[in-house]
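The values are calculated or read from the model by the stated rules, or taken from the named source; none is laboratory data. What you see is a predicted model, and the numbers here were worked out from it, not measured in a lab. Quick reminder, even Gly has a Cβ in these numbers, built from the backbone with ideal geometry, and neighbours come from all protein chains shown.
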Amino acid sequence: MKERVILHSDINCCYASIELLHHPELRGKPVAVGGDPEARHGIVLTADYIAKKKGVKTGMALWQARQVCPDIVFVPPRMDLYLRFSRMAHEIYAEYTDRQEPYGIDESWLDVTDSVSIKGDGYRIAQEISNRMKSELGITVSIGVSFNKIFAKLGSDYKKPDAITTMYKDEFRTKAWPLPASDLLYVGRSTENKLRKIGINTIGELALCDERILNDQVGKMGSILWAFANGYDDSPVKVENTSAPIKSIGNSTTTPRDLETDDDVKVVMYVLAESVAARLRENGFRCRTVEISLRDKDLYSFIRQKKVKNATNITSEIAEAGYELYKQYYRLPENCNVRDAAISGKYLENFYMKPLRSIGIRGADLVNDNYWEQLDLFTSPEFREKRMKADVAVDSIRKRFGFFSVQRGMMLGDTILSAVNAQEHTIHPHGYFG
Amino acid sequence: MGDDKVYVDVTARFTKDGRLIPVNMIWKDGHVYEIQKVTDVRRAASLKAGGVGLRYTCLIDGRTSHIFYEDNNLWFVESR
């Protein structure tokens, strides 16, 4: 088989770079994207290089970041803007290959094997992409050029920002092998510790180790990691274009007062589902799993999820699935009586659960509009189609006349709860094997 | 937003093959600038003003200027 040419392109400090592009006055200052600076909560999603140099790390609480870097500027995240940039980046990639596999919002693998005869070698294609990203989008990328996905990713991490690193077959022994084993995809903290116990610190040591010893130490991942380190990874860059570039879209809120009845929960669930579903529709995604998170007033929290019958971005389907999950796993005091408690053998006050303080709902397992599926005999496609059209109509009314111009009847029952801010949202990237 | 980004009113025309060409723009002091010629159209980022869009390289008063058409349907120029 002809040797493949795989690129891995990684947008440097993605969120921070995009914000810096739009805020020229912040350039040269330590900047972090994350949280809501006004409401003293939240964490750092991305920091720019100046802030990183001072020790600010992704995942830090905002107050921690301010401790290590007092003059840091926080910018609230604008996820829709980042998704738009991600799409524009994919458009540029698409001019070099039809085989691109997004890994999260800011990274992509590109199989450019078939473009090499027209455009020149992998390095030249990488240069062209890098230049275009700079001039057309105003952001920099790090690109790794290699013969497989693992080393391409290693290459893009090798030197940052704005760099191109090759990891060809005659190079990886000198370039990749001296790197610490933890740089390899899927060597996390715990695997790293296990490897260190048997004296493996670098990727080279991992590659030269006996595969069986690795398997004994870290389980079946041992063989996979061994193959990764030796450059035997032959996993293809996925052509299928039904997977969404992100893993899930969710929304959560802490309500102005604790939720004590089913109706309270229902109102909030619908408010959140409206914004989740609207964002799914806006980005052309549908979800196949609905997940809810519940937190009671003593801050005890848990998550439950279920598959939905058909991939959906219909508000009411998502809200109904969320509400069903809630009914299945949660009992508010109003739904309990002494008899149920007696049957379960618990005191009444231990049997029911506490009023809820915060609720979240999330659409996960996303697919895009190209996804097709088997129709179901027992659900009516016409009915779903109608609901879909109704949602689209509501979207366009809201776009023109504002969010509160059209509302569900139930929202009028409790105007305090239905006015909760459903803007906060989280977007999670994919895993490698997903 | 920095002071370098100036949103402007633009009169534009659609050609029959669907292209959008700016004809003139009104600067913030009210002066109308005729766009004599569009020499180049491409997607580009403006690091100075802070934004991304379709960049029209135009000849205005005999000088080359850039006008950007952002995807929020607004036109901006980099102030000098």
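If you check A:143, A:118 for being β-branched (Val, Ile, Thr), modelled with pLDDT of 90 or more and either at negative phi or touching an Asp or Glu at 6+ places or on another chain (Cβ under 9 Å) (or both), only one passes: A:143.
Taking segment A:211-310 as the region of interest, the helices (runs of 4 or more DSSP H) fully inside it that hold 1 or more residues being touching an Asp or Glu at 6+ places or on another chain (Cβ under 8 Å) and farther than 29 Å from residue A:146 by Cα are A:262-282. The set of residues in segment B:60-75 being among the aliphatic types (A, V, I, L, M) and within 14 Å of chain A (Cβ to nearest Cβ) consists of B:74 alone.
Can you spot a residue in segment A:183-206 that is closer than 27 Å to residue A:134 by Cβ and not assigned by TED's automatic domain parsing to the domain that holds residue A:9? Within segment A:183-206 (the criterion being closer than 27 Å to residue A:134 by Cβ and not assigned by TED's automatic domain parsing to the domain that holds residue A:9), the answer is yes, since at least one residue qualifies. Being surrounded by 13 or more Cβ atoms within 10 Å (Cβ to Cβ), within 12 Å of chain A (Cβ to nearest Cβ) and modelled with pLDDT under 90, is that true of even one residue in segment B:3-21? Among the residues of segment B:3-21, at least one is surrounded by 13 or more Cβ atoms within 10 Å (Cβ to Cβ), within 12 Å of chain A (Cβ to nearest Cβ) and modelled with pLDDT under 90, which makes the answer yes. Counting the residues of segment A:358-384 that are closer than 23 Å to residue A:325 by Cα and not hydrophobic (A, V, I, L, M, F, W, C) gives 9.
Restricting attention to segment A:126-154 and to residues that are in a loop (DSSP other than H, G, I, E, B) and touching a Ser or Thr at 6+ places or on another chain (Cβ under 8 Å), the residue that is farthest from residue A:110 (Cα to Cα) turns out to be A:138.
When segment B:60-80 is filtered for residues that are in a strand (DSSP E or B), within 23 Å of residue A:91 (Cα to Cα) and touching a residue at least 24 places away in the same chain (Cβ under 8 Å), the ones remaining, listed by number, are B:67, B:68, B:69, B:75.
Of all the numbered requirements in (1) assigned to a helix (DSSP H, G or I); (2) of a type outside the set (Asp, Glu); (3) over 19 Å from residue B:47 (Cα atoms), residue A:82 misses one, and that requirement is (3). Considered as a group, the residues in segment B:22-35 that are exposed (fewer than 12 other Cβ atoms within 10 Å of the Cβ) and in a loop (DSSP other than H, G, I, E, B) include one that is nearest to the other protein chains (Cβ to nearest Cβ), and that residue is B:28.
Okay, residues lined up against (1) hydrophobic (A, V, I, L, M, F, W, C); (2) modelled with pLDDT under 65:
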site: A:302; (1), (2): yes, no
site: A:306; (1), (2): no, no
site: A:312; (1), (2): no, no
site: A:315; (1), (2): no, no
site: A:320; (1), (2): no, no
site: A:337; (1), (2): no, yes
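Each residue in segment B:36-59 was checked for being buried (at least 19 other Cβ atoms within 10 Å of the Cβ) and either outside any strand (DSSP E or B) or more than 12 Å from chain A (Cβ to nearest Cβ) (or both), and 4 pass.
Are any of the residues in segment A:76-93 more than 24 Å from the chain's Cα centre (by Cα) and loosely packed, with under 14 Cβ neighbours inside 10 Å? Scanning segment A:76-93, I find no residue that is more than 24 Å from the chain's Cα centre (by Cα) and loosely packed, with under 14 Cβ neighbours inside 10 Å, so the answer is no. Number of residues in segment A:74-104 that are of a type in the set (Val, Ile, Thr) and away from chain B (no Cβ under 14 Å): the value is 1.
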